[in-house]
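Reading through the structure tokens given below for one structure.
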Amino acid sequence: MTTIRRAFPHSRDDVDTDMHQTTPPSDHSASPLTTDRILLQAAADLTTSASPLFGVTKSIGVDYGLVRTGLAVTVGYEPRPLAIVSNLNNTQLCQHIVQLAEREKAHQIIVGLPFHKNGTEAEQTVITREFASQLKCSVYAHFGPRMPLFLWDERYSSKEAAARIRAMNPRANLYKELDADAACIILEYFYQDSGRGAIKVELPEDNSIREVVLLAWDKKRQEDEQKLKELTEMRMSVRERRRAMLEQARMLDDETMNNDQDKKKKKKKKKKQR
């Protein structure tokens, strides 16, 4: 079993030190707006240096469970809890995650993989691997090869999520918040390590399953291409109609102008005849 390394967050003192090193010397003549921009850029540079993935690659985090599944998403430079899903079978849950990834315009999906404290596999580890394999099929059938799915060591995420929630609110309902926050922590550590040590999930080796998935993706791709073609044709049709209307309006204006000029000429002739 390969041990997956986890990087822990900088301490607050470390962040303060880095911020002072990154922020340019204060300029009393600088406007408050300029100062705010400098501080925001310094914070962004600090976060990006800690993990190049932040702010670039948008990810969906999944803390899978047989009863409840927590979902989170990276927004800018910070993971944000999305929802806790329950009362769904694996097929429904996979479709829900696929729809969520499409709605959030995500680039990848990270599923937490639970282990025992000593790094050995537990029963939930096997169950999660099986779910991740099924999720990979659903993801590939919808997005094709462009949407990777990774497994990430999450053996301490639930305990840390509980500790964080209790620290913020001792009376918090862990049942309602724990799984989604655990999904956030999975994303947080994945980004801090820049994904090093993650296990990329591939399609099952079973040829019959692969064939079904590839056929589903090919059908979806063709449908998307057809929709794009129809949309392009519709836009071109609208443009052509607009051009035709503009041309018709121009011709009507020319005709009106010519009629006005003819009327003026006739009036001039009548005056001369008198």
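Here are some notes:
- Filtering Lys264, Lys229 for residues that are of a type in the set (Lys, Arg) and modelled with pLDDT under 80 leaves a single hit, Lys264.
- Residues of region 46-64 satisfying the condition of being at pLDDT 90 or above and either open to solvent by less than 50 Å² (accessible area, probe 1.4 Å) or touching a Gly at 6+ places or on another chain (Cβ under 6 Å) (or both): Ser59, Ile60, Gly61, Val62, Asp63, Tyr64
- Test: Arg221 is at pLDDT below 95 and open to solvent by less than 100 Å² (accessible area, probe 1.4 Å): yes
- Qualifying residue in region 198-206 (condition: without any contact (Cβ under 8 Å) to a residue 12 or more places away in the chain, part of a helix (DSSP H, G or I), open to solvent by 50 Å² or more (accessible area, probe 1.4 Å) and not hydrophobic (A, V, I, L, M, F, W, C)): no
- Per the listing Val85, Val73, the residue uniquely free of Cβ contacts under 8 Å to residues at least 24 places away in the same chain and among the β-branched types (Val, Ile, Thr) is Val85.
- Per-region count, region 91-113, residues in contact with a Lys or Arg (Cβ under 6 Å, 6 or more places away or on another chain) and open to solvent by 20 Å² or more (accessible area, probe 1.4 Å): 1
- Residue match in region 73-90 (condition: touching a Lys or Arg at 6+ places or on another chain (Cβ under 8 Å), open to solvent by less than 10 Å² (accessible area, probe 1.4 Å) and either assigned to a strand (DSSP E or B) or at pLDDT below 95 (or both)): yes
- Residues (open to solvent by 10 Å² or more (accessible area, probe 1.4 Å) and either assigned to a helix (DSSP H, G or I) or touching a residue at least 60 places away in the same chain (Cβ under 8 Å) (or both)) located in region 116-135: Gly119, Thr120, Glu121, Glu123, Gln124, Val126, Ile127, Arg129, Glu130, Ser133, Gln134
- Verdict on Arg146 being charged (D, E, K, R), modelled with pLDDT of 75 or more and more than 14 Å from Ile97 (Cβ to Cβ): yes
The values are calculated or read from the model by the stated rules, or taken from the named source; none is laboratory data. For clarity, every value in this text was computed on a predicted model and none was experimentally measured. Cβ sites come from the backbone with ideal geometry, for glycine too, and all protein chains shown count toward neighbours. To get the accessible areas, we keep the full protein, side chains included, count just its heavy atoms, and leave off ligands, DNA and RNA. Shrake-Rupley method; radii C 1.70, N 1.55, O 1.52, S 1.80 Å.
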